[in-house]
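Asks: Provided herewith is a single structure, encoded as structure tokens, for subsequent inquiry.
The values are calculated or read from the model by the stated rules, or taken from the named source; none is laboratory data. Remember, predicted model here, so these are calculated numbers, not experimental data. With ideal geometry, Cβ positions are generated from the backbone for all residues, glycine too; neighbour counts draw on all protein chains shown. All accessible areas refer to the heavy atoms of the entire protein, side chains included, with ligands and DNA or RNA removed. Shrake-Rupley method; radii C 1.70, N 1.55, O 1.52, S 1.80 Å.
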Amino acid sequence: MTSHLKALEAYSVFILREAYAKLGRLGLLWSIGKDSTVLLWLAKKAFFGHCPFPFIHVDTNFKIPEMIAYRDKTARELGLEMIVHQNVKALEEGMNPQMGRLTCCKALKTEALSQLTAKYGFEGLIVGVRRDEEGSRSKERIFSERGEADFWDYANQPPELWGQFKTDFPKGHHIRVHPLLQWNEIDIWRYIEEERVPVIDLYFSKNGYRYRSLGCEPCTGKIKSEALTVREIINELENTTVSERAGRAQDQEDAYAMQKLRRDGYM
Amino acid sequence: MTENANDLGRNTLKLVVVGHVDHGKSTVIGRLLYDTDSVNQGLVEKVRAISAETGQPFEFAFLLDAFEEERKQGITIDTTQLRFKTKARDYVIIDAPGHKEFLKNMISGASDAEAAFLVVDAGRGVEEQSRRHAHTLSLLGVEQIALIVNKMDLVSYDEKVYNQITKGIQDYLLSLGLRLTLSIPLAALLGDNVASPSKNFPWHKGPTLLEALDALTKEAADDSGLRLPLQDVYKFDDRRILAGRIESGQVKVGDRIVINPGHKLTTVVSLAAWLERDIKEAAKAGESVGLIVEDEYYNRRGEVISLVESPPIVSDRFKASIFWMGKKPLIPKRRYKLKLATSETEAEITEINHLIDSDTLAEKPSPGQVGLNEVAAVEIALNRPIPLDLFVNHKATGRFVLQDGYDVVGGGIVASVEERPPVHAGFAKGVITARCELFEEYFYHLSESMVNKIKPPKPHYAVGDKVPLRGRSFLYPDSFDIVVFRDLVAIKIRQGEVADIVTFNDYAYAGLPLINGRGFGVLVHSEAEWLKAQEEFAAMTPENEGVLAGRWLDFNAYRHIPIGGDDFSV
Ligand SMILES: Nc1nc2c(ncn2[C@@H]2O[C@H](COP(=O)(O)OP(=O)(O)O)[C@@H](O)[C@H]2O)c(=O)[nH]1
């Protein structure tokens with residue numbers, strides 16, 4: 001492995017262990033995508049083959065069907081403790097992307113996550129976001145506090161230095177832990193290649209198209225690609241200037257869409 | 001494992017860009033990314049759209065300032081990290097805000113950088129935050145500082161201006177004990193000297209911005225001797241694993257190690273891993289490891305593993321340089337939480353020796369507190385001794401943060417550790433101390449017809465220590481509370497051990513027997529009586545001393561006076 005990937009891996013493991021040592025009830029948000037699957041792998045490394053916290057999947061009911069099948073199969077194989085949660089009320093009331101993409105994301109993801117955090121009393125949620133994904137994520141802290149109603153006070157973030165993270169906060173608040181913050185997209189793929197991390201095959205080309213980023217079926221576009229292997233994906237990324245989330249419709253709604261979603265608790 | 005030959009030799013350097021607000025930090029970075037085709041098309045278009053919408057020319061700074069407020073106000077609020085690569089290596093470039101208000105964000109960004117670019121506006125020259133940032137970098141341990149004299153177009157590319165600014169920064173860094181790594185002139189907005197040399201300043205024979213990056217040197221792994229702060233002890237299966245990140249030095253199977261505090265000696269049996277292919281014989285600084293050791297001590301987070309011959313200092317008192325980020329000023333005697341590596345403990349600033357003026361680096365007399373963004377030399381006392389090092393010897397175990405309530409309000413580095421002044425007290429937990437005569441033996445000296453006292457050999461007790469419950473002239477219960485009225489401190493003894501030492505303020509009557517600092521029973525049987533006794537002893541005078549003793553104390557409860565003589569010994 002390159003020294004760069006080794007350093008990233010070691011730091012992520014350090015972060016996961018800090019979260020486990022310092023936060024109360026902890027869960028890992030597993031979106032089924034490549035990032036949170038790498039996160040799963042890193043957790044196994046951090047805890048020597050064990051995963052001392054549950055994996056959480058916020059199921060919007062609009063996910064690409066293969067994702068759900070892959071989720072259930074992997075969870076079984078790895079013996080993961082899974083928590084699957086839906087915003088049942090919003091779904092019963094007919095929430096869907098036609099009602100507005102941001103409205104839909106807010107209800108089926110942000111609100112669902114918030115319900116689940118409250119229901120299980122999570123003090124720490126481990127999330128696989130990365131700085132290079134989009135602007136507001138680049139400003140994140142590794143341990144990022146979420147206040148009342150999961151609000152992210154991004155203009156007034158605490159200092160984070162020398163590996164001393166935010167681990168003290170009022171009851172009712174929780175911490176989003178971001179072990180992959182300093183990774184970028186190509187690091188993820190190089191790591192998957194090196195470590196032979198199994199990923200869902202939606203990332204590989206079928207009939208000339210593949211998914212680069214996974215989300216809900218109605219709002220996630222495919223990209224033109226012939227990449228059939230991890231190596232070919234890496235080669236493709238080395239030669240692109242198109243952003244990773246270009247296929248994610250909610251990001252394109254307005255220039256600050258993501259910042260606004262995330263302020264209110266979106267992952 | 002496949003190794004990509006191209007990648008193998010590449011390394012990543014973490015670089016922070018600092019400077020006074022508006023001197024052009026974001027533009028420098030944005031232009032660098034733009035001129036080297038390092039930004040994705042989507043972002044360039046997004047920024048073009050936002051610039052057009054607001055009727056502004058293309059703002060390179062917008063490539064970094066992602067928050068709406070940042071673009072609207074044209075300032076960087078929070079730090080951003082970007083990846084960038086040259087032919088030689090990869091970079092993480094950290095854009096740190098220059099606004100005074102956001103110094104804590106600058107510190108967050110700069111704290112783990114290996115090198116810094118200090119951007120100074122040629123037209124405005126060195127300003128307050130230019131110096132403050134350089135000063136802060138030195139406290140953060142960033143020693144490699146390069147100067148960018150930006151906006152050369154505003155001073156007609158005048159070499160004299162450039163030289164003068166360079167000289168100023170050079171001298172300032174020298175007084176911090178640092179050397180200026182290199183200096184270049186630039187006009188970021190116009191792309192002068194960014195990716196290619198500029199015709200506008202033919203006098204500049206040095207590197208372009210792009211070349212200057214590659215001229216920085218990668219910090220070598222810290223080889224100052226093994227420091228492995230324990231994060232946790234895992235017992236998920238039949239392995240007992242000490243987990244942590246190696247902060248400096250290396251460790252290998254068979255090493256004789258010592259775990260502090262407590263000076264626990266043992267040997268490394270193996271380095272644990274989940275996957276077979278990750279199991280190895282040795283690991284070095286930066287790696288997150290799990291040690292399996294020969295002896296099963298009681299281990300916990302906060303302990304530090306080192307080689308036997310070079311352990312850290314274990315102390316509860318030291319001198320430090322600190323920088324303050326709290327809205328409320330630092331005040332002596334207030335309780336803060338100190339976090340150093342994986343240790344956490346209560347701390348008190350016992351003395352503010354002086355403030356340091358970032359402009360002149362002169363020492364200013366202490367006004368009794370340290371305000372927002374100020375730097376000070378202080379003395380710190382902790383609740384309990386923890387393993388630590390001088391910052392000059394070991395960076396990671398020589399620096400700490402201070403927390404007030406939930407918030408980090410300060411950072412600091414350990415400057416010196418003093419010999420502990422002798423404690424006359426019998427019980428001590430950091431700054432809380434209490435006198436103790438509980439274990440002194442009384443006897444009646446027949447030939448002299450008087451009561452004498454013998455002092456026991458070990459007069460000091462800390463939390464976790466065992467105390468002698470039975471002597472020749474005393475017998476205490478297994479669990480009781482010692483209330484030392486002279487020092488307003490209570491000591492909780494549980495199963496013969498000191499469980500805690502607290503001030504009366506933090507003490508609540510627990511229904512257990514109360515014994516005073518001399519071993520006499522205190523006649524208190526309820527919370528109300530306890531409050532009353534406290535009140536009366538607080539108001540004690542030499543005149544009513546006898547009355548109070550008669551009302552509240554029972555000499556015979558736990559003590560008796562045997563007849564002894566010269567042979568009476570403990
Ligand atoms: N004339 C001139 N203006 C510049 C140059 N570099 C930056 N600026 C302008 O200076 C202002 C502040 O720049 P910015 O990068 O936001 O500064 P920061 O606060 O240090 O990040 C912006 O309006 C830039 O367009 C330069 O080389 N020449």
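Asks: Considering every residue within the stretch B:84-92, establish whether at least one is more than 9 Å from the ligand (Cβ to nearest atom) and modelled with pLDDT under 70.
Replies: Within the stretch B:84-92 (the criterion being more than 9 Å from the ligand (Cβ to nearest atom) and modelled with pLDDT under 70), the answer is no, since none of the residues qualifies.
Asks: What strands (runs of 3 or more DSSP E) completely inside the stretch B:110-201 contain at least 2 residues that are more than 16 Å from the ligand (Cβ to nearest atom) and either within 27 Å of B:D37 (Cβ to Cβ) or free of Cβ contacts under 8 Å to residues at least 40 places away in the same chain (or both)?
Replies: Answer list for the stretch B:110-201: B:180-185.
Asks: Working only within the stretch B:263-298, note down all residues that are within 21 Å of the chain's Cα centre (by Cα), in a loop (DSSP other than H, G, I, E, B) and not charged (D, E, K, R).
Replies: B:A285, B:G286
Asks: Quick test of your reading of the structure: B:A52 fulfils all but one of (1) over 30 Å from B:G141 (Cα atoms); (2) in contact with an Asp or Glu (Cβ under 9 Å, 6 or more places away or on another chain); (3) among the hydrophobic types (A, V, I, L, M, F, W, C); (4) at pLDDT 75 or above. Name the failing condition by number.
Replies: So the condition that B:A52 fails would be (2).
Asks: Then there is this: If you scan the stretch B:202-226, which residues turn out to be open to solvent by 20 Å² or more (accessible area, probe 1.4 Å), of a type outside the set (D, E) and outside any loop (DSSP other than H, G, I, E, B)?
Replies: Answer for the stretch B:202-226, where residues must be open to solvent by 20 Å² or more (accessible area, probe 1.4 Å), of a type outside the set (D, E) and outside any loop (DSSP other than H, G, I, E, B): B:L210, B:A215.
Asks: Within the set of pairs 6 or more residues apart or between chains, which connect a residue that is within 20 Å of B:A528 (Cβ to Cβ) inside the stretch B:543-555 to a residue that is part of a helix (DSSP H, G or I) with Cβ atoms less than 7 Å apart?
Replies: Filtered contacts from the stretch B:543-555: B:L548/B:E536; B:L548/B:F537; B:W552/B:A533.
Asks: Among strands (runs of 3 or more DSSP E) lying entirely in the stretch B:299-354, which contain 1 or more residues that are touching a Phe, Trp or Tyr at 6+ places or on another chain (Cβ under 8 Å)? Break it down stepwise before answering.
Replies: Details: elements: B:304-307, B:313-324, B:335-340.
The qualifying strands (runs of 3 or more DSSP E) are B:313-324, B:335-340.
Asks: Being within 14 Å of chain B (Cβ to nearest Cβ), open to solvent by 60 Å² or more (accessible area, probe 1.4 Å) and of a type in the set (D, E) is true for just one of A:E92, A:E81, A:E133. Which residue is that?
Replies: So the residue among A:E92, A:E81, A:E133 that is within 14 Å of chain B (Cβ to nearest Cβ), open to solvent by 60 Å² or more (accessible area, probe 1.4 Å) and of a type in the set (D, E) is A:E81.
Asks: Here is a further query. So B:F439 fits all but one of (1) surrounded by fewer than 19 Cβ atoms within 10 Å (Cβ to Cβ); (2) closer than 21 Å to B:G564 by Cα; what number is the exception?
Replies: The single condition B:F439 does not satisfy is (1).
Asks: Let me ask something else about it. Looking only at residues in the stretch A:1-21 that are touching a residue at least 60 places away in the same chain (Cβ under 8 Å) and small (G, A, S), which one is farthest from the other protein chains (Cβ to nearest Cβ)?
Replies: A:A19
Asks: Do we find that B:T267 is polar (S, T, N, Q), more than 14 Å from chain A (Cβ to nearest Cβ), out of contact with any strand residue (DSSP E or B) (no Cβ under 6 Å at 6 or more places or on another chain) and open to solvent by less than 30 Å² (accessible area, probe 1.4 Å) in this structure?
Replies: For B:T267, the condition - polar (S, T, N, Q), more than 14 Å from chain A (Cβ to nearest Cβ), out of contact with any strand residue (DSSP E or B) (no Cβ under 6 Å at 6 or more places or on another chain) and open to solvent by less than 30 Å² (accessible area, probe 1.4 Å) - is not met.
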